[in-house]
1. In this structure, is Leu730 over 30 Å from Ile595 (Cβ atoms), at pLDDT 90 or above and assigned to a loop (DSSP other than H, G, I, E, B)?
2. Any residue that is open to solvent by 50 Å² or more (accessible area, probe 1.4 Å), of a type in the set (A, V, I, L, M) and modelled with pLDDT of 80 or more - is there at least one of those in the stretch 231-240?
3. For the stretch 328-443, please list each of the helices (runs of 4 or more DSSP H) lying entirely inside it that holds at least 2 residues being open to solvent by 60 Å² or more (accessible area, probe 1.4 Å) and closer than 15 Å to Ala296 by Cβ.
4. For residues that are touching a Gly at 6+ places or on another chain (Cβ under 9 Å) and open to solvent by less than 50 Å² (accessible area, probe 1.4 Å), tally how many sit in the stretch 268-288.
5. Hey, can you tell me all the residues within the stretch 35-85 that are touching a Leu at 6+ places or on another chain (Cβ under 8 Å), among the polar types (S, T, N, Q) and surrounded by 15 or more Cβ atoms within 10 Å (Cβ to Cβ)?
6. Kindly establish whether Asp574 is farther than 22 Å from Gly814 by Cα, more than 38 Å from the chain's Cα centre (by Cα) and either surrounded by fewer than 17 Cβ atoms within 10 Å (Cβ to Cβ) or in contact (Cβ under 8 Å) with a residue 24 or more places away in the chain (or both).
7. Hey, among the residues in the stretch 140-181 that are within 16 Å of Gly92 (Cα to Cα) and among the acidic types (Asp, Glu), which one's most open to solvent (accessible area, probe 1.4 Å)?
Amino acid sequence: MGKKIKKEVEPPPKDVFDPLPIESKKVATAVLMLQSPEEDILAKSCEALYKFAQKGDENKTTLLGLGAVEAICKLISHDDKIVRRNATMVCGVLAAHDDVRKVLRKLDIIPSLIARLAPEEEVVVHEFATLCLMYMAKEYTSKDRVFEVNGLEPIIRLLGSPDPDVKKNSVECIYHLVKDFQNRAAVCELKAIPGLLELLRSEYPVIQQLALKTLGIVSCEEEARLILKEHQALDQLLKILEAKELNDLHVEALLVIANCLEDVETVNLLQQSGGLKRILTFAETSPLPDVQKNAAKAIAKSARCDENRKYFHEQEVERTLVSLLGVENDGVSAAALLAVSAMCENAASKNFFNKQGIPQIVVLLGRDSGEVREAAAFALANLTSGSPSNASAVADVNGVPALINLLSDKNDGVIINVCVVLINMAAQEVLRSVIHAHGIMPALVGPLHSTNNMVLSKAAFAVAAFACDAEGRDEFRKAGGLELLVKHLRSGHSEVKRNACWALSVCANDEPTAEELYRLGALDILQELNLSTSQRNRFSELAHDKLLDYFLSLKYNQTGYLSYTNFIQDGFYDHGRIRPEAKLLSLEELSNQKINQNRAIILVNARNPVPAPALLPSVEEEKQETNSGQTQSSHSRSASREKGGRTVTPPVEEKQDPASARSPPLSRSGTREKPSSKGRARTKKEEEKPKEDEAKTPPESVPEKKEWCPPYDQELHDYIQEASRTILPLPRIREKTVTLAQFVAEKMGGPVQRDRLHEFSWELHVSELKFALQCNVIPIGRVKKGIFYHRALLFKVIADRVGIACSLTRGDYGRAWNEVRLLDDSPQQGNRVCLSMETYIVDLMYNPGSLLKPGSAEAERYQYI
């Protein structure tokens, strides 16, 4: 054998780099290696960065600062599956950081992540891709982006993955995505609900809980509820409720059931199968407050439908709710109260709560939780609406003090609901008196300071409900409430404005309140509102008319009409029409003007301020009456000052009691009230005071200026006395009317033929009176030749004092007329008599005493030229 020759080893090529094992201890080096073209280095770098990022948020921030996020985003789409897998793992871990997610959104990573959900990808890639998508889906922009790239379908498909982590990440991602309405609809279309129901059987509680939370949101859609019903989802949910070991799922399961109960058909099926009873029993017996709260919410949501309320009532849901009201948990109490409010739409349920619900609800008004107080007040508002017995029950359990105290609550919702309860209770006079006794009117002033329009609206409404009592109006006026109501007349909120007008119309039912409202300028504001077609409402017109009823001179000037209930008092004056933008001057101002060519102002004042000598009091009595008179006259002067640009005439008898100022001074029996001593002339004896009294008077004191009083009309006083003696004994109103018409015509120049009216020189007569009196104001009794408007005014003045109800209407060109309502007893068929009230116009000019039918030719000739 030959000798073996050793084979010579060939040296490596000179252009090949020898393998270099690298061991790096710096994360920055690993980040730099992400730029390497070698798959092995990329894979190992991603693996090292994954382990580094898992250790905490600080490491994630470090990687973000080193620019690793941008490189990783590129690598999740790498051709090499190992690189792709490891890069996806890093991306999934990094996405837990808020700042990292912002960068990921800018890099538009979502399409790349959706691509990693393909079936051919590894399970680990699915796990971390869905994890990253789950984190990204928390922001709205990412939800929208997933929808745009049709990312829901692959995510839904992974609900059936064999890997529990993939399932968990996928269902949690869907849970965040369905919070957006368009994704919610897409989930129903892509048939994700069966997959979610399947997850309820998972052995992992977190997966079951996430599936129930997702179904709780999706079931808000009607289409989703239909799918749940088709797959018998309610039976599955009821089984979860009955399984005590699944008590951690009961809260979410009830949320899904609550949404399903909105459908009448579903409730009907549950009622027939006994499921509804099981739900109520479970709600009442569950030891978990969150479960009871959600059960009450389910009842409240379902009870919005009338059919559902009927089914619930058949299952005695009221007993369950009363039981929940006793739970010492604010969330449960608030939810139960809302359910009670919803069930109140059922009359039988409302009656049930009369004895077994209202006492507990009144107690809940005192809870520290604002949510509970608001819900309790809301429940009482619904319970007392249209139910006098429930309103009485609230008062019986001492609920009135609690309600009034809540008018100062910090929660606007509480105040609104409390106002509604009190308004409902005010419908009963007995309860209204009880509430007044607890100081309701001053308490309502506080809510009127609110900036919440609903609070203002309800508070004004409550004022209207309680101001029908004179004592209440007085308390409200003294508490400063009128000023706030007048302020709200200019509110930009229509309901606030309307209710403020309503409240003012009720408040203006006594003279002191009406005078205060006038002083505050309410009349001018109401007039502005009524001139606007957009702001006018029927309550503004009502309030305006109510206020004018206490200032008849102004009312007749503005409207040209006095109704049957407007009684003309002494101090009334007819100025005639003025321009809408002009202001009506006071009687004193008009009297002080120089004589002009304008129409004379006609004054009504039959009250003599000078008493008879026999009635003069002693010096001491006169001193006392003078002192008291000065106090009252100051009040009268304040009432007669110009308010809001207008003035009113001060009453002639300033000492007259305000409560009696609206009644006619002459009763139906014809007896006249004793005149006041306020305006008496000072006698010589009274003026000659002892020198000791003068010494007591400080030298700097200046005697007060004597208050102006309108001139006394002796002729009118005599007219009234004469007419009373003649007319009051007559038995029938028709006879009284005719007699009074003839009396007025006689005093005003007698009958005038229609074709000789132009010869009736009343203008010259009135001009002579103005010259003789050197004043533009003429007492009506001095007019001996009166035309239509003189006679109609005199007729109204005397008629008001002798008990003949009549109106006064101003026409054009000096025309005016009175209307009366008389019993028409004209015979009808055969011997039958038909009794009815008919309206007539009284002829005071052509044929005094004639009664003209409105609309007839004679009446039109009388009213118009």
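The values are calculated or read from the model by the stated rules, or taken from the named source; none is laboratory data. Because the structure is a prediction, the values reported are computed rather than measured. Cβ sites come from the backbone with ideal geometry, for glycine too, and all protein chains shown count toward neighbours. SASA here: full protein model, heavy atoms, side chains in, ligands and nucleic acids out. Shrake-Rupley method; radii C 1.70, N 1.55, O 1.52, S 1.80 Å.
1. On the way: over 30 Å from Ile595 (Cβ atoms): yes; at pLDDT 90 or above: yes; assigned to a loop (DSSP other than H, G, I, E, B): yes.
Yes; evaluated as a whole, the condition is true for this residue.
2. No, the stretch 231-240 contains no residue that is open to solvent by 50 Å² or more (accessible area, probe 1.4 Å), of a type in the set (A, V, I, L, M) and modelled with pLDDT of 80 or more.
3. On the way: elements: 330-343, 347-356, 358-364, 370-384, 388-396, 399-405, 412-425, 429-437.
Here the list reads 330-343, 370-384.
4. Restricting attention to the stretch 268-288, the residues satisfying the condition of being touching a Gly at 6+ places or on another chain (Cβ under 9 Å) are 269.
Checking the rest, the ones that are also open to solvent by less than 50 Å² (accessible area, probe 1.4 Å) come to none.
Residues in the stretch 268-288 being touching a Gly at 6+ places or on another chain (Cβ under 9 Å) and open to solvent by less than 50 Å² (accessible area, probe 1.4 Å): 0 in total.
5. Keep residues of the stretch 35-85 that are touching a Leu at 6+ places or on another chain (Cβ under 8 Å), which gives 36, 42, 45-46, 49, 52-53, 60, 63-64, 68-73, 75-76, 78, 80, 83-84.
Of the ones still in play, those that are also among the polar types (S, T, N, Q) are 36, 45.
Result: Ser45, single match.
6. On the way: farther than 22 Å from Gly814 by Cα: no; more than 38 Å from the chain's Cα centre (by Cα): yes; either surrounded by fewer than 17 Cβ atoms within 10 Å (Cβ to Cβ) or in contact (Cβ under 8 Å) with a residue 24 or more places away in the chain (or both): yes.
So Asp574 does not fit the description; no.
7. If we take residues in the stretch 140-181 being within 16 Å of Gly92 (Cα to Cα) and among the acidic types (Asp, Glu), then Asp165 is most open to solvent (accessible area, probe 1.4 Å).
Let's see how each residue does on (1) open to solvent by less than 30 Å² (accessible area, probe 1.4 Å); (2) modelled with pLDDT under 90:
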{"residue": "Ser761", "(1), (2)": "no, yes"}
{"residue": "Val766", "(1), (2)": "yes, no"}
{"residue": "Gln774", "(1), (2)": "no, no"}
{"residue": "Lys784", "(1), (2)": "no, no"}
{"residue": "Glu819", "(1), (2)": "no, no"}
{"residue": "Asn831", "(1), (2)": "no, yes"}
{"residue": "Met837", "(1), (2)": "no, yes"}
{"residue": "Asp843", "(1), (2)": "yes, no"}
